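Read-outs: derived from the displayed coordinates by stated rules, not from any lab. All figures in this text were calculated on a predicted structure; none of them were measured in a lab. Counting neighbours? That spans all protein chains shown, and the Cβs are built from the backbone with ideal geometry, glycine included.
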Amino acid sequence: MELRKGSWKILILVCVLVIYLWMLFVDHSHMLADISQRITLQKTRISARNTMYQSPDRSRIEETPPNGLRTDSKKSQSFPSRNANNTLEGSLSEYQMLKQQGLVPSRQLPTALIIGVKKGGTRALLEFLRLHPAIRAAGSEVHFFDHHYVKGFRWYRRRMPPTLVGQITMEKTPSYFVTSEVPKRVKHMNPGMKLIVVVRDPVTRAISDYTQVKSKRRKMPRFEDLAFLNGSRIVDTSWVPLKIGVYVRHLERWLQYFPLSQFLFVSGERLIADPVMEITRVQDFLGLKRVICEKHFYFNATKGFPCLLKSEDRATPHCLGKNKGRSHPYIDPMAVQRLRDFYRPFNQRFYQLAGMDFGWY
Ligand code: A3P
């Protein structure tokens, strides 16, 4: 018993000694540094928020189920505006600074959408916009508001790229413009959403659409046989490639949910002829500095389109894929003229509603 009591005492003594030595020799400064770094990051995030926006705060949208159970009381989303020094260097260094400080990017719901139109030049616009350090965009078409809406906002957010404070999250799904349920759903998620529509001469657009489908099918009727009813001169308005081009109808539906000021119409033709001009309009619309400019583009004579000198993913000059900028099949000029006549009144109404003449005659 005496011996046991003695060994307990020795054991306790050894433990106390080990703890004492551990406290003496192990450096605890990293723990303190970690705590202080966390406090600094928190402070930086708050100060970055304040300096990068002119508008009060970036109201991050709450995850709400698409059944109307909104938990977010904030109605609209604010957008980053030009930053204090308004230079490219200033903008880049702000993001670099945030990255260097170890801020972790997080996924956000988009605050700007390219909603259409299919074959208008939507991929080109998105790829050009990705040059901007304040824009982060989902790579492929997400189809949330038309195909995957039941999956909820959490699903949608997971498809978005991670962003730092001050960066805009975007996605493009051209079918949104022509799908009737979409405007209401977008408004439910964010009534302040910025909406970009790339439009192109509806006749050329229809031919482009047809060319794309034809490239995937072995047997396909002629364009003229699909565009007119039973070989007549009557336009088959139920044929989807032609329906899409009645832009005024789709816009009227969207305007029931969003004011015109939240739309930007980009000319698909000018996006090819003068990409910088159209990109400048988009940057202004998004409240961003004019970072994307002439030095980012070159004209590739072989492809016949503007291409990029470098991009986020590639440091060498490159054009869009070979399925963008395809050559179109020969279409009977009489058929083309008939379609132009068909679209003329719709185009005129579209120009009036959009407040812009796109010059398709
Ligand atoms: P075509 O292939 O019929 O010429 P979307 O990306 O919306 O599907 O649009 C495809 C169209 O974008 C192409 O149709 C092409 O005319 C147009 N486009 C605009 N800028 C382009 C670019 N820089 N490179 C390739 N295609 C471009």
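Overview of results
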{"item": "Amide H contacts of L264 (H built 1.01 Å from N, under 5 Å, at least 5 apart or other chain)", "result": "L195, I196, V197"}
{"item": "Amide proton proximity set for A137, modelled H, under 5 Å, gap of 5+", "result": "M170"}
{"item": "Karplus-derived 3J(HN,Hα), 6.51/-1.76/1.60, for each residue of the range 154-160, Hz, glycine and proline x", "result": "4, 4, 4, 4, 5, 7, 8"}
{"item": "FRET efficiency for Q256 and Q348, using Cβ-Cβ distance with R0 set to 22 Å, rounded to 0.05", "result": "0.60"}
{"item": "Translational diffusion coefficient (Stokes-Einstein; Kirkwood radius from C-alpha pairs) of the range 289-354 at 4 °C, 1.567 mPa s, in µm²/s", "result": "83"}
{"item": "Karplus-derived 3J(HN,Hα), 6.51/-1.76/1.60, for each residue of the range 218-230, Hz, glycine and proline x", "result": "6, 10, 8, x, 5, 4, 4, 6, 8, 7, 10, 6, 6"}
{"item": "Per-residue HN-Hα couplings for the range 329-342 [Karplus 6.51, -1.76, 1.60; θ = phi - 60°; Hz; x = Gly/Pro]", "result": "x, 5, 10, 3, x, 5, 5, 4, 4, 4, 5, 4, 4, 4"}
{"item": "Other-chain or far-sequence residues with amide H under 5 Å of F297's (modelled H)", "result": "L309"}
{"item": "Inter-label distance for D357 and R290, nm, one decimal - labels placed 7 Å from Cα along Cα-to-Cβ", "result": "2.4"}
{"item": "R0 of 41 Å, Cβ-Cβ distance R218-S311: FRET efficiency to nearest 0.05", "result": "0.75"}
{"item": "Rg in Å to one decimal, and Dmax rounded to a whole Å, for the range 208-253 via C-alpha atoms", "result": "12.2, 37"}
{"item": "For peptides 232-239, 214-221, 194-201, sequence by mean Cβ density within 10 Å, most packed first", "result": "194-201, 232-239, 214-221"}
{"item": "At 1.306 mPa s and 10 °C, Stokes diffusion of the range 225-361 via Kirkwood alpha-carbon radius, µm² per second", "result": "89"}
